Amino acid sequence: MVVKHAAQAIVLDEDQVLLQKREDFKIWELPGGLVDVGETFAQAAVREAREETGLIVEVVRHVADIEQKQMGNCLHLYECRAIGGKLIKESNETVDAGWFDVHQLPERCSPLTEKYLTITLAHYPEAIQESVRYPLLGVIAYKLAISIRNFRNRRRR
């Protein structure tokens, strides 16, 4: 199986975290997405944050690598800080974006976002290496939702 690499930016400003509400699942999540050919994982996190929120960010540190075997993914997490740009509320993949208190996340926030934020705030001395397994029904539902989103996006072009 070919492993797809993805990166997420955990953008912090004191006790605030930047989240984007996904267009496809309507849940709040960290900005992120697949790594492009020729791009480092850190560069992908920076690019995805800009595409999905309008903010220019820089990487502070590498937080974790999370292998998601059933999904065929490896997710790379980076703590970042905003250094410019202007927050946008909508993009191709985002219906809203904003800053939230790290201890009071919005309703319909992805449980994984909460987990990744907790790992980030723990300030481990080295990047965490983890392998996770998801319930089979959840994997099937996720892959189906992504396929439907991709189909709708192709029809819009």
For segment 31-114, accessible area per residue (1.4 Å probe, heavy atoms of protein chains only), Å²: 51 Å²
Given points 7 Å out from each Cα along the Cα-Cβ axis, report the Asn73 to Phe25 separation in nanometres with one decimal. 0.7 nm
Quick check for me: using +1 on Lys/Arg Cβ and -1 on Asp/Glu Cβ, what's the dipole size of the chain about its Cα centre, in debye to the nearest 20? 940 debye
Principal semi-axes in Å for the chain [√(5λ), Cα gyration tensor, largest first]: 22, 20, 16
Considering only protein heavy atoms and a probe of 1.4 Å, how much of the accessible area of segment 79-128 is carbon and sulfur, as a whole percent? 49 percent
Solvent-accessible surface ranking, highest first, for Leu12, Leu77 at 1.4 angstrom: Leu12, Leu77
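The values are calculated or read from the model by the stated rules, or taken from the named source; none is laboratory data. Because the structure is a prediction, the values reported are computed rather than measured. Counting neighbours? That spans all protein chains shown, and the Cβs are built from the backbone with ideal geometry, glycine included. Areas reflect the complete protein model, heavy atoms only, side chains present, ligands, DNA and RNA absent. Shrake-Rupley method; radii C 1.70, N 1.55, O 1.52, S 1.80 Å.
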